[in-house]
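Scroll down for the structure; my scribbles are underneath it.
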Amino acid sequence: MTVAVRGADRIARAFARAREERRLAVLVYLTVGFPDRDAFPALARAALDGGADVVELGVPFSDPLADGATVQRASEVALRAGVTVDDCIREGAALVVERDVPVLLMGYTNPFLRHGYQRLADDLARAAVAGVIIPDMPAEESAELDAALAPRDLARIDLFAPTTPDDRLARLVPRARGFVYCVSLTGVTGARARLGEDAPALVARVRRHTALPVAVGFGIGGPDQVRTLRGVADGVVVGSAALDAISRAAPSERAGALRSFVASLREAAAP
Amino acid sequence: MTAGRYGRFGGQFVPETLMPAVAELERAFDEARADEAFTAELDRILREWVGRPTPLTDAPRLAAAVGLRRVTLKREDLAHTGAHKINNAVGQALLARRMGKHRVIAETGAGQHGVATAAACALLGLECVVYMGTLDMRRQEPNVFRMRLLGAEVRAVEAGSRTLKDAVNEAIRDWVTNVRTSYYLLGSAIGPHPYPAIVRELQSVIGREARAQHLERAGRLPDVVVACVGGGSNAIGMFAAFLGDDAVRLRGVEAGGEGIAGGRHAASIVGGREGVLHGARTLVLQDGAGQIRETHSISAGLDYPGVGPEHAFLSASGRAEYVSREDAEALEGFRLLARTEGIIPALEPAHAIADLAHVRGRHGADSEVLVCLSGRGDKDLDTAIARLAP
Ligand SMILES: Cc1ncc(COP(=O)(O)O)c(C=O)c1O
């Protein structure tokens, strides 16, 4: 079966809808297989029920060097359950079929390399997953993967950081597809109490080179930071704080807790 | 080859936050290398503080025991702090100071790189934070004390296998967070470009000295050069001087742990597959899903699931050969060198000593063999006491 709408179109649609509603798009990251394989599917759906516009499915890796303690622990749990790239694509395919939502995979280079870049592109396209975010693959190292993704219209979302200089932004941002992902702070993932101070300046610098929507992620802890990003960015990415919300809840209340947490982000995303 | 690529190996697989930092580091190192004041100061410190040049020692009783015509030992065990690691640590610490970074981060496995970095930072007045897995802290306890005595803060890493790989992860996370003020002083020829090039350059003093000393002593080059390979810094430092000498065979010895077949080892070239780890495309111990495997070696300094990209390249091109020796063989090598030459080696180069009997099998009893004795064994006495009957 071929899916009529491509994943990349779903991303554009999600940001366009958020813009029409004069709010930020809410992107939620969840590590696949956390807190266990059986609980995960309901959690992904709870995030959507709470109002997530885009789902980032975290592919667990043994050595997540851009991640803080929360994602590290979630990845360890998922790996103990044996979660693979194939599992993540399967979860993504099911979400797309059921909910017609944009899905991205977020993970490190090595599991994708082992899966095989060509096979990855084929599998993602078949699943109508929109693309990948790979925090340890800068643009300079992406030629091989891009060559596999491009013919299938799959996006590889580059990250830009407060430390990225202007000349580098000028060179790389125009090549971005889908949306531009700005890292809010100089550091690893993990919920922080306040928004990184560099974020607004980075978004402004990025906008000089693109008309694409700009999302801000890393460190977003909750509704307060989402509110500060209104009028600055077009979307927010929340990962560790969502995983923390799951961890804090009793097993029978996890889905409800995540739904409420995402709903609170959605509320803060609108004026 | 373009900068930072060794055939299809190498590269810069790092988070975007660090991309400007690796570019800045490359520029700073190139400038420093061209600056006579910098190289003169490094030379002076190597001479007066590290104790270079280290001697080349003839090892006739060892040679007789393993059935080789001649074995010579390049004595990095006699360098200050007890291993070759100091050559790299002091060079990079000087670079950090030159770059205006007064906080230095390092990872350590055996603790030798941590001790070397702590000592270099004390010498140059830099703040020093060392990440170390808790398993390694236990098996290399004297080095934890040494680091603290030298003024370094040792941060325990509980994650993963609680060894070198996990310490590198944690050090990189610190670097990502404090990149504007901190210098990451990587201890082996691994990681993103320019680290493999910087570490090779700073360690190549080993091979430069050894080549000249061997020529003077023996009137000829050695037939075979042997070094142990963890991340590969002592080996690449030794090999670099001989790469152009086509007749000289280069041989790296990895940690075979409890045997390659059973999977409990740390031999990334002998038993690994192409992958990306800690910023470089190289040979990596991994499972079928691309997850990095837990490794095992009796020597903490070799207990790492990757290897420097230049070694992956030298293996693929056939210019160097790589083998592995198991824990039990390394312990035998440890005892053999002690009994024949009165030198207690670290367990890492004990793998190279253990390989000599096999060098004879491969290259003949007539061979003259130069071994990099990368460090001394004081740090390993607890492990040896537990495993060796006296
Ligand atoms: C004495 C000694 N030799 C060798 C090594 C292995 O490192 P490399 O392969 O980088 O030389 C270590 C690492 O700690 C060491 O302490």
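Key figures for this structure:
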item: Whole-angstrom gap from region A:219-237 to region B:327-381, using each part's C-alpha centre; result: 59
item: Considering only the protein assembly as shown, percent of DSSP beta bridges that pair antiparallel, nearest 5; result: 20
item: GNM flexibility winner over chain B from B:A330, B:A119, B:A357 (Cα, springs under 10 Å); result: B:A357
item: In nm, spacing of pseudo-spin labels at A:D167 and B:E153 (7 Å Cα→C-beta vector); result: 3.5
item: Cut-off 14 Å between beta-carbons: net charge of the residues surrounding A:L202, Lys and Arg +1, Asp and Glu -1; result: -2
item: Lys/Arg +1, Asp/Glu -1 at C-beta; the protein assembly as shown dipole; positive extreme among B:L373, B:A330, A:G235; result: A:G235
item: Per-residue [θ]222 nm for chain A (sum of -39500 (n - 2.57) over DSSP H runs n ≥ 4, rounded to 500); result: -13500 deg cm²/dmol
item: Accessible area buried, both sides summed, chains B and A with 1.4 Å probe, Å²; result: 2900
item: Angle between chain B longest axis and helix B:36-45 axis [Cα atoms, degrees, rounded to 10]; result: 50
item: Carbon and sulfur %, accessible surface of region B:192-250 computed with the full protein complex present, 1.4 Å; result: 46
item: DSSP bridge pairs, region B:1-135: antiparallel proportion in percent, nearest 5; result: 45
item: Burial of 20 Å² or greater, region A:161-189 residues [accessible area, probe 1.4 Å, versus chain by itself]; result: A:A161, A:T163, A:R168, A:T186, A:G187, A:V188
item: Selection from A:A125, A:A139, A:P111, by position along the positive dipole direction of region A:103-149 (Cβ); result: A:A125
item: Angle in degrees between helix B:164-177 and the longest Cα principal axis of chain B, rounded to the nearest 10; result: 20
item: GNM flexibility winner over chain A from A:A46, A:A242, A:A201 (Cα, springs under 10 Å); result: A:A201
item: Inter-probe distance in nm under a simple model that places probes 7 Å from Cα toward Cβ, at B:A386 and A:R17; result: 5.8
item: Part-to-part distance (alpha-carbon centres) for region B:198-277 and region A:2-76, which is given in Å; result: 45
item: GluC sites (Glu not before Pro) within region A:133-240: DSSP coil, no more than 15 neighbouring Cβ in 10 Å; result: A:E197
item: Gaussian network model of chain A, springs between alpha carbon atoms under 10 Å - residue of A:S184, A:S260, A:S252 with greatest fluctuation; result: A:S252
item: Beta bridges by DSSP in region B:227-315, antiparallel share as percent, to the nearest 5; result: 75
item: With every protein chain in place, chain A: carbon and sulfur % of accessible area (1.4 Å); result: 50
item: In nm, spacing of pseudo-spin labels at B:H102 and B:R273 (7 Å Cα→C-beta vector); result: 4.9
item: Calculated FRET value between B:D35 and B:E141, using beta carbons and R₀ = 41 Å, to 0.05; result: 0.55
item: Rounded to the nearest 20 debye, dipole of region A:53-106 from Cβ charges on Lys, Arg, Asp, Glu; result: 160
item: Set of lysines near B:K379 by C-alpha distance (under 17 Å), chain-local residues within fewer than 8 positions excluded; result: B:K85
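The values are calculated or read from the model by the stated rules, or taken from the named source; none is laboratory data. Remember, it's a predicted structure, so these values are computed and weren't measured experimentally. Counting neighbours? That spans all protein chains shown, and the Cβs are built from the backbone with ideal geometry, glycine included. Heavy atoms of the whole protein, side chains included, go into the accessibility calculation; ligands, DNA and RNA do not. Shrake-Rupley method; radii C 1.70, N 1.55, O 1.52, S 1.80 Å.
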